[in-house]
Amino acid sequence: MTVSDKTVLITGAGSKRGIGRATAHTLAAAGWNIAILDLDEASAKDAAAEIGEQHGVQAVGIGCDITDEASVDNALAVLGDSVPPVGALVNNAGITSPTPFLDVTGEEWDRIFAVNVRGAFNVTRRVTPGMAERGFGRIVFLSSVSAERGGGVFGGVAYSAAKAAELGFTRALARELGPRGVTVNAVAPGLIDTDITGGALEGERKTQLVAGLPVGRNGNVADVADLITYLCREESGYITGATYDVNGGAHIH
Ligand code: NAD
């Protein structure tokens, strides 16, 4: 198999300025067919149309709430055999919140975990049996520098805890699926210029954060997309259970 015989499933790749859409572009440029699941159906379809047109690969966009198992089942049924088998999964969909721990409610805590952790479980649990059966798979989780350094960028305790859960998920799954030809890795971006904060991280706070970065700038989506695409290569099969920092030096450990 070459990558043109395979599809990469990317969650949350609808967002126009997001990491997921940029990653879908770089993966398509590398020859992968693309399946996008996003809560925002119109954006998922728009991204797929854009990618199909620009890269000449098969690209499908489906509306899906990854927190809802029935919605994921439905999306995968819609995908069906319309594209080649899923050879890679990028667990990209995520939400954040800056709410301080002393103010956070159980409801908000659950919502952060529902998308970042349970959502990733819902999709991963469904695509891994096929990968194991075919003896090939690449899975990449979008964690965060917040998981490693205990917040300090934008997200609060709930976000840091959920993103740290993704690291445990990555490592244990890498151990279990390694013998089946499936690698599982995490990327941990720092401050990347997207719409995830809904514009809430602008002005003085952002200037201060950037001033503290060794590389002197915030990250862009291409910085992260390239790394994810590298981890999805067939040739990257000896890299598993790893966490890759893409943070401009915000956290060096
Ligand atoms: P974004 O807000 O631009 O995109 C997130 C996408 O996820 C959106 O298209 C949204 O519709 C989708 N989504 C949200 N809930 C969903 C659900 N229940 N089901 C399906 N789709 C859903 O975000 P981004 O900045 O591109 O972030 C992508 C990932 O990278 C996230 O996991 C985020 O936590 C992580 N990350 C981002 C940064 C950053 O600075 N931007 C830093 C570290 C980690």
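The values are calculated or read from the model by the stated rules, or taken from the named source; none is laboratory data. Not measured: the values here are computed from a predicted model. Cβ atoms come from the backbone with ideal geometry, glycine included; neighbour counts cover every protein chain shown. Quick note on the areas: whole protein, heavy atoms, side chains included, nothing else; ligands and nucleic acids left out. Shrake-Rupley method; radii C 1.70, N 1.55, O 1.52, S 1.80 Å.
In whole angstrom, how far apart do the alpha carbon centroids of the stretch 70-87 and the stretch 140-175 sit?
The stretch 70-87 and the stretch 140-175 have Cα centres separated by 27 Å.
Just need the relative contact order of the chain here, percent rounded to a whole number, with Cα pairs under 8 Å and 6+ apart.
19
Just want the answer: with Cβ charges of +1 for Lys and Arg and -1 for Asp and Glu, which residue in Ala158, Val221, Leu191 is farthest toward the dipole's positive end in the stretch 120-238?
Checking the options against the dipole of the stretch 120-238, the answer is Ala158.
What does the helix-only formula give at 222 nm for the chain: each DSSP H stretch with n ≥ 4 adding -39500 (n - 2.57), the total divided by the residues, and the result rounded to the nearest 500 deg cm²/dmol?
The helix contribution divided over the chain gives -13000 deg cm²/dmol.
Would you please put 211-223, 96-108, 49-61, 15-27 in order of how densely packed they are, using the mean number of other Cβ atoms within 10 angstrom per residue and starting with the highest?
Answer by packing, highest mean first, reads 15-27, 49-61, 211-223, 96-108.
Loop only per DSSP, at most 15 neighbouring Cβ atoms within 10 Å: give me the GluC sites (Glu not before Pro) in the stretch 165-253, ordered by residue number.
Glu202
According to the Kirkwood expression over distinct Cα-Cα pairs, how big is the hydrodynamic radius of the stretch 175-253, in Å?
About 14.3 Å, per the Kirkwood formula over Cα pairs.
For the stretch 101-160, what is the convex hull volume of the alpha-carbon atoms per residue, in Å³?
Expressed per residue, the convex hull around the Cα atoms of the stretch 101-160 is 77 Å³.
Enter the accessible area per residue of the chain (Å², integer; probe 1.4 Å; all protein chains in place).
Accessible area per residue, the chain: 44 Å².
Using 5 Å bins from zero, what percent of all Cα-Cα pairs in the chain falls into each bin?
Result returned by the calculation: 1, 7, 14, 19, 21, 17, 12, 6, 3, 1, 0.
Per the Cauchy relation, a quarter of the hull surface: what is the mean projected area of the convex hull of the alpha carbons in the stretch 25-81, in nm²?
Projected over every direction and averaged, the Cα hull of the stretch 25-81 covers 3.7 nm².
Which number comes out as Rg/Rh for the stretch 17-120 once both Rg and the Kirkwood Rh are worked out on C-alpha atoms?
1.03
Just to verify a number: what accessible area does Asp193 come out at with the full protein assembly present, 1.4 Å probe, Å² rounded to tens?
60
Give me the compactness ratio for the stretch 50-100, meaning the Cα radius of gyration over 2.2 N^0.38 Å.
The stretch 50-100 yields a ratio of 1.45.
Convex hull over the alpha-carbon atoms of the stretch 112-240: what's its volume per residue in Å³?
111
Of the chymotrypsin sites (Phe, Trp or Tyr not before Pro) in the stretch 158-253, which ones lie in a loop per DSSP and count no more than 15 other C-beta atoms within 10 Å?
Loop-located and lightly packed - Tyr238.
Please report the carbon-and-sulfur percent of the accessible area for the chain; probe 1.4 Å, protein heavy atoms only, DNA, RNA and ligands left out.
That fraction is 53 percent.
Grab the alpha carbons of the stretch 154-209, take their convex hull, and tell me the volume per residue in Å³.
93
Could you count how many Lys pairs in the chain have their Cα atoms under 23 Å apart, skipping same-chain pairs fewer than 8 positions apart?
So the count works out to 5.
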